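The values are calculated or read from the model by the stated rules, or taken from the named source; none is laboratory data. Because the structure is a prediction, the values reported are computed rather than measured. Cβ sites come from the backbone with ideal geometry, for glycine too, and all protein chains shown count toward neighbours.
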Amino acid sequence: MWLTAWPSLLVPGALLYLYAVKRLRFRRANTPPSQTNYDTGRESLSRMTLQDAWAIHNALVEYEFPTTFSAATMFALFNSYGIPTISALLCRTGEFTTAATAEKRYTDTGCLLLEAVLNPPGDERSVQALARINHLHRAHLRAGRISGADMLYTLSLFALQPARWVEMYEWRALTEVELCAVGVLWRRLGEALGVKYDALTSQGNAGDWADGIEFLEALETWSRAYQAENMIPATSNHKVARATLDHILWKLPSVLRPVGEKLAAAILEDDLREAMM
């Protein structure tokens, strides 16, 4: 009996399935943590607190797009190697010029970023991670080996790259509330790391941003211009990128390494790929 009845159940069953998928998949997008405080349009976003921004951002990293956020952050660090002033310093320290040292430092950097971002603002683990990053940068900043512009550019990659990748590769883009949360969180993280925002402009004044989205927009405009002017081919770019790529692809069997390298190159933007050659 059921063999003859199943065609009549197929259409309503499929529709019910699609409805359930839409409801469940967009549930966090429609009601992310603390979204109820910011559901009256763009004006409400100016009131977003750091704690709410962290909760919304954490949901993106741990529940909505964990793989994409992780990969985007990894490649954000890779993007910074296309700036000769950054790659030259890494070559000088020798920390990213061989597969062995690159593996350790890449892992160390990832751990510190995760501790700083995934733990609540003010949490001891987050504070200690930020303090450690500042300690590692301090001597280079004092000696003038790290410029404020390079610090700001690196921050822009971490703040902007995940949202770009989500829009390109995921099933939906970030909502305005989520973008605002990203902007609020990374702005405060940048302040904690001593990043200066004087180069950014909004209504003529750096720092005059109505919400986290405006901050990201200002960061995007400046970052693109800085990259267009400063991302040029250099031997140091290639050395650091080569060692880092070997670390990224170390799990692949040797026969598949060329394929992995081509896939990694395909993900990179044209100007970055040229700067790494």
Taking the range 218-258 and the residues there that are at pLDDT below 85 and touching a Leu at 6+ places or on another chain (Cβ under 7 Å), the one that is farthest from Phe78 (Cα to Cα) would be Arg257
In the range 46-70, anything buried (at least 17 other Cβ atoms within 10 Å of the Cβ) and hydrophobic (A, V, I, L, M, F, W, C) is listed as Met48, Ala53, Trp54, Ala55, Ile56, Ala59, Leu60, Val61, Phe65, Phe69
Note: among Thr221, Thr244, just one is buried (at least 17 other Cβ atoms within 10 Å of the Cβ), in a helix (DSSP H, G or I) and within 22 Å of the chain's Cα centre (by Cα), namely Thr244
The residue that is farthest from Ala88 (Cα to Cα), considering only those in the range 225-268 that are among the charged types (D, E, K, R) and in contact (Cβ under 8 Å) with a residue 24 or more places away in the chain, is Asp246
| field | Residue check, Leu216 touching a Gly at 6+ places or on another chain (Cβ under 8 Å), touching a residue at least 24 places away in the same chain (Cβ under 8 Å) and among the hydrophobic types (A, V, I, L, M, F, W, C) | value | yes
Residue hits (the range 81-127; at pLDDT below 80, touching a Ser or Thr at 6+ places or on another chain (Cβ under 8 Å) and more than 19 Å from Asn230 (Cβ to Cβ)) are Gly94, Glu95, Ala102, Tyr106
Next on the checklist: Can you say whether Gly260 is closer than 30 Å to Arg142 by Cβ and in a helix (DSSP H, G or I), as far as the supplied structure shows?
Outcome noted: no
Notebook entry, point to check: If you check Trp209 against the conditions, is it surrounded by 15 or more Cβ atoms within 10 Å (Cβ to Cβ) and without any contact (Cβ under 8 Å) to a residue 60 or more places away in the chain?
Noted result: yes
Val177 fails exactly one of (1) under 18 Å from Thr85 (Cβ atoms); (2) in contact with a Phe, Trp or Tyr (Cβ under 6 Å, 6 or more places away or on another chain); (3) β-branched (Val, Ile, Thr), namely (1)
Picked from the range 247-268 (must be farther than 21 Å from Tyr169 by Cα and aliphatic (A, V, I, L, M)), the residue surrounded by the most Cβ atoms within 10 Å (Cβ to Cβ) is Leu252
Open item on the list: Checking the structure you have, find out if any residue of the range 160-176 is out of contact with any Gly (no Cβ under 8 Å at 6 or more places or on another chain) and at positive phi.
Closed with: no
When the range 112-151 is checked residue by residue, the ones that are touching a residue at least 12 places away in the same chain (Cβ under 8 Å) and either loosely packed, with under 13 Cβ neighbours inside 10 Å or part of a loop (DSSP other than H, G, I, E, B) (or both) are Pro120, Pro121, Arg145, Ile146, Ser147
Condition check for Val166: surrounded by 15 or more Cβ atoms within 10 Å (Cβ to Cβ) and at pLDDT 95 or above: yes
